[in-house]
Amino acid sequence: MNLSNLRPAKGSTKTRKRIGRGEGSGYGGTSTRGHKGAQSRSGYSRKAGFEGGQMPLYRRVPKFGFTPLKKTEYKVINLDKLQELADKDITVIDTEVLMKSGLMSPKHLIKILGNGTLTAKLEVKAHAFSKTAEEAIKNAGGTAIKIQ
């Protein structure tokens, strides 16, 4: 076997239906489009979401709610993750430390939440803190600094 005699497996490829190439082909005349109507004409394109005249899904389903345009989304980090970093002898936790540890990327804003326990005295710099997280950091003897 070599490259000159390689062929696809039997039945794995089909020949394209060549429409509009004369009556003898069996696909001439109307070219498989039927008689008259918009779908038989060139240039016809069905509207996205069109369901044959039935009320389309995007109009059947009720709409509710609202999405604010300028919503700030935070990458959430809990106290137990901060404690893991503190166990590695880190005392100042800021965006650079979090990026090196793989907990965030440069595009993220950070919010510290109060899930878990914190025993180490840390200086934590983040964009936002929950009340419980801020209290836990201060109770452990550390400081919570908000950055912009």
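Where a number appears in this text, it was derived from the coordinates with a stated rule and is not lab data. This is a predicted model, so every value here is computed, not measured. When we count neighbours, we look across all protein chains shown, and the Cβ atoms used for this are built from the backbone with ideal geometry, even at glycine.
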*Just tell me the longest site-free run in the chain, where the sites are chymotrypsin sites (Phe, Trp or Tyr not before Pro) in a DSSP loop having at most 11 other beta-carbon atoms within 10 Å.*
67-148
*Compute the distance in nm between two label points, each set 7 Å from the Cα along the Cα-to-Cβ direction, one at residue 59 and one at residue 138.*
5.8
*Give me the percent of Cα-Cα pairs in region 74-146 that sit more than 18 Å apart, rounded to a whole number.*
24
_Residue with peak Gaussian network fluctuation, the chain [Cα springs, cutoff 10 Å], from 135, 73, 51_ = 51
_Compactness of the chain as Cα Rg over 2.2 N^0.38 Å, two decimals_ = 2.18
*asked:* Placing +1 on the Cβ of each Lys and Arg and -1 on the Cβ of each Asp and Glu in the chain, which of 64, 52, 133 has its Cα farthest towards the positive end of the resulting dipole?
replied: 52
